[in-house]
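The values are calculated or read from the model by the stated rules, or taken from the named source; none is laboratory data. What you see is a predicted model, and the numbers here were worked out from it, not measured in a lab. Note: ideal-geometry Cβ built from the backbone for every residue, glycine included; neighbour counts use all protein chains shown. Only protein heavy atoms, including side chains, enter the accessible area calculation; ligands, DNA and RNA are left aside. Shrake-Rupley method; radii C 1.70, N 1.55, O 1.52, S 1.80 Å.
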Amino acid sequence: GDALADVFVNAHPLAHRSWHEAKETIGRWLTPESRAWIDVPGTKRALRLDGTTSRYSPAEPDHTTVVVVQSKEEVLTLTVRGTARADVRAEMDRAIRSFRLVTPGGGG
């Protein structure tokens with residue numbers, strides 16, 4: 001059956017928010033069960049954090065992945081949250097693996 005999933009992207013100039021501040025903010029609402037450095041094209045570094053959150057109640061857990069990336073001028077977070085089902089997680093992983101930064105008008 002159908003399953004709800006959300007994708008959020010937030011961008012902040014490094015002049016206003018550091019890499020460490022972004023990670024601290026995430027730590028206030030997500031306790032990662034795993035963390036791994038990943039390659040995201042167009043970024044200097046990217047950290048993937050996976051954990052469980054509750055959208056409406058603890059009885060309805062969601063799998064949540066946050067990827068924190070740093071580019072030359074920004075810190076970005078990609079948050080993907082969805083039902084903790086294997087088929088949904090596979091699609092969430094596919095979306096996360098497709099994440100990349102491109103330069104305006106430059107492709108890549």
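I'm trying to understand the selection: among the residues of segment 59-76, which are open to solvent by 10 Å² or more (accessible area, probe 1.4 Å), in contact (Cβ under 8 Å) with a residue 40 or more places away in the chain and closer than 13 Å to residue 30 by Cα? Residues satisfying the conditions do not exist here. Per the listing 94, 100, the residue uniquely out of contact with any strand residue (DSSP E or B) (no Cβ under 7 Å at 6 or more places or on another chain), outside any loop (DSSP other than H, G, I, E, B), among the basic types (Lys, Arg) and modelled with pLDDT under 95 is 94.
Do you know which of the residues in segment 1-58 that are in a strand (DSSP E or B) and hydroxyl-bearing (Ser, Thr, Tyr) is least open to solvent (accessible area, probe 1.4 Å)?
First pass over segment 1-58, keeping only residues in a strand (DSSP E or B): 5-13, 34-37, 45-54.
Of the ones still in play, those that are also hydroxyl-bearing (Ser, Thr, Tyr) are 34, 52-54.
Details: 34: 56, 52: 70, 53: 18, 54: 62 Å².
Here the residue is 53.
Screening residue 82 against (1) of a type outside the set (Val, Ile, Thr); (2) open to solvent by 10 Å² or more (accessible area, probe 1.4 Å); (3) touching a Lys or Arg at 6+ places or on another chain (Cβ under 8 Å) leaves a single unmet condition, (2). Figure legend. Inter-residue proximity from segment 1-26: first residues over 18 Å from residue 47 (Cβ atoms) and touching a residue at least 60 places away in the same chain (Cβ under 8 Å), second residues in a strand (DSSP E or B) and open to solvent by 50 Å² or more (accessible area, probe 1.4 Å), beta-carbon distance below 7 Å, spacing 6+ or different chains. Indicated pairs: 5/81; 6/81; 13/74.
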